[in-house]
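For reference, the structure discussed in these notes is given below.
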Amino acid sequence: MNDKLIRQAQQLQAKLAKAQQELSEKTVEITAGGGAITIVIDGKQLIHSVKIAKEVVNPDDVEMLQDMVMAATNEAINKSQQMASDYLGGLTSGLKIPGF
């Protein structure tokens, strides 16, 4: 390997490590059911909190609550993945490393 390619790979590795740390500190908040469910998730897809409004907790309709939690969780994961993709997208620009 030539020295330039090795330096570029090392630069990319350092940038990726820094970006991963920064993504763990960035969060997005998602709501579902008109605000009945709120989920906070970070850029590494770790959920930090789940809040459920008391008025949607109905023991006679557990399925509705389950559906809202599932919808909110899926949306939170999608938003977190998009945030990570957007954030990491610029890291390889300018580096001419084969395969990136």
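One table, with the values for the structure above:
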read-out	value
Alpha carbon convex hull of region 6-50, volume per residue in cubic angstrom	58 Å³
Two-site FRET efficiency, ASN2 against GLN45, from Cβ-Cβ distance with R₀ of 41 Å, rounded to 0.05	0.65
Cα-based Kirkwood hydrodynamic radius, region 3-89, one decimal, Å	14.7 Å
Sorted peptide list for 55-65, 30-40, criterion being average Cβ within 10 angstrom, highest first	30-40, 55-65
³J(HN,Hα) computed for each position of region 32-41 - Karplus, 6.51 cos²θ - 1.76 cosθ + 1.60, integer Hz, glycine/proline x	9, x, x, x, 5, 10, 10, 10, 10, 9
Residue (of ALA36, MET70, GLY89) at the positive-pole extreme of region 3-89, dipole from beta-carbon charges	GLY89
Rel. contact order, % - alpha carbon contacts under 8 angstrom, at least six apart, the chain	29 percent
Where a label projected 7 Å from the Cα of GLU22 along Cα→Cβ would reach, residues of region 34-63 with amide N under 15 Å	43-44
Test item: Cα-centred dipole of the chain, Lys/Arg +1 and Asp/Glu -1 on Cβ, debye	880 debye
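Here, each number is a calculation from the coordinates, and none is a lab measurement. Because the structure is a prediction, the values reported are computed rather than measured. Methodologically, a virtual Cβ is constructed for each residue, glycine included, from the backbone with ideal geometry; neighbour enumeration extends over all protein chains shown.
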